[in-house]
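Enquirer: Below: one structure in structure tokens.
Taken together, the values in this text are just the output of simple stated rules run on the coordinates, not laboratory data. On a predicted model such as this, the values are computed, not experimentally measured, just so you know. Don't worry about glycine lacking a Cβ; one is built from the backbone with ideal geometry, like all the others, and counts go over all protein chains shown.
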Amino acid sequence: MPPRIALYPGSFDPPTNGHLSIIQRGLKMFDGLIVAVLKNPAKDELFSVEERVQLLRGAVNDKRVQVKTFSGLLVKFAQQEGVNAVLRGLRAVSDFEYEFQMANMNRKLDPEIETLFMMTGEDYFYISSRFVRDVARLGGEVRGLVPQNVLEALKKRFK
Ligand code: PNS
């Protein structure tokens, strides 16, 4: 049987412990993961795409996990990579509508690609990259919410 690989896409600006938890749990379900960082030149980005890739690589450090970038449609990238499973974390009811729409849109674009959701662990359901960015920017403590290398990068960015 060929190895089962899933795509774990996101913005990861910055990667959080919630993301890492999904990666670790995803590796129990799949032989490998491709963490796919969206190249979206958003005006309010904190870390560049290259920085995010480096932060993810530094935080994960597992041969079964590859970190890549993509632009354009997620389903096209999945097709290019020969992957038919997309993994997403689901934190709360508020995530549901957006995720439900996205999963259905992606299935409409390519019915062969399935989106699988993992419920975020109870320690992580309130963590989002946006809150981490805001709290760090305003001088709040984000230790415990992000991996050590991200913590250091945030401290450098906002010192
Ligand atoms: O971490 P995020 O910001 O919630 O991740 C969102 C992401 C990157 C998964 C989503 O924006 C995406 O897949 N963008 C690529 C464009 C695309 O395929 N759009 C059609 C699906 S609605």
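Enquirer: Multiplying the sequence separation of Arg137 and Lys155 by 0.36 nm and subtracting their Cα-Cα distance, what value in nm do you get?
Expert: 5.6 nm
Enquirer: Over the chain, what is the percentage of antiparallel beta bridges among all DSSP beta bridges, to the nearest 5?
Expert: Within the chain, antiparallel bridges account for around 0 percent of the total.
Enquirer: For Ser48, Ser11, what's the fewest-to-most ordering of other Cβ within 10 Å of each Cβ?
Expert: Ascending number of Cβ neighbours within 10 Å: Ser48, Ser11.
Enquirer: In square nanometres and to one decimal, what's the mean projected area of the convex hull around the Cα atoms of the range 65-155?
Expert: 7.2
Enquirer: Which whole-number value in Å³ per residue fits the convex hull of the alpha carbons of the range 110-149?
Expert: So the per-residue hull volume is 121 Å³.
Enquirer: Label the range 9-96 by shape, choosing from rounded, prolate and oblate, from the square roots a ≥ b ≥ c of the eigenvalues of the Cα gyration tensor; if a/c is under 1.5 it is rounded, and otherwise prolate applies when a/b is larger than b/c, oblate when it is not.
Expert: Here the range 9-96 falls in the rounded category.
Enquirer: Going by a ≥ b ≥ c, the root eigenvalues of the Cα gyration tensor, does the range 1-44 fall in the rounded group (a/c under 1.5), the prolate group (a/b larger than b/c) or the oblate group?
Expert: Oblate, because a/c is 1.5 or more while a/b does not exceed b/c.
Enquirer: Taking only C-alpha pairs under 8 Å that are 6+ residues apart, what is the relative contact order of the chain in percent?
Expert: Dividing the mean separation by the residue count of the chain yields 30 percent.
Enquirer: At q = 0.09, 0.20 Å⁻¹, what is the log10 ratio I(q)/I(0) for the range 5-157, with the Debye formula run over Cα points and no solvent?
Expert: The calculated log intensity ratios at q = 0.09, 0.20 Å⁻¹ are -0.27, -1.40.
Enquirer: Among all lysine pairs in the chain that are eight or more places apart or on different chains, how many have alpha carbons less than 22 angstrom apart?
Expert: Lysine pair count for the chain: 10.
Enquirer: Now a separate question. Restricting to DSSP H runs of at least four residues, report the calculated mean residue ellipticity at 222 nm for the chain, -39500 (n - 2.57) per run over all residues, nearest 500 deg cm²/dmol.
Expert: -13500 deg cm²/dmol
Enquirer: Taking the Cα centre as origin and putting +1 on Lys and Arg beta-carbons and -1 on Asp and Glu beta-carbons, what dipole magnitude results for the range 19-159, to the nearest 20 debye?
Expert: I would put it at about 480 debye.
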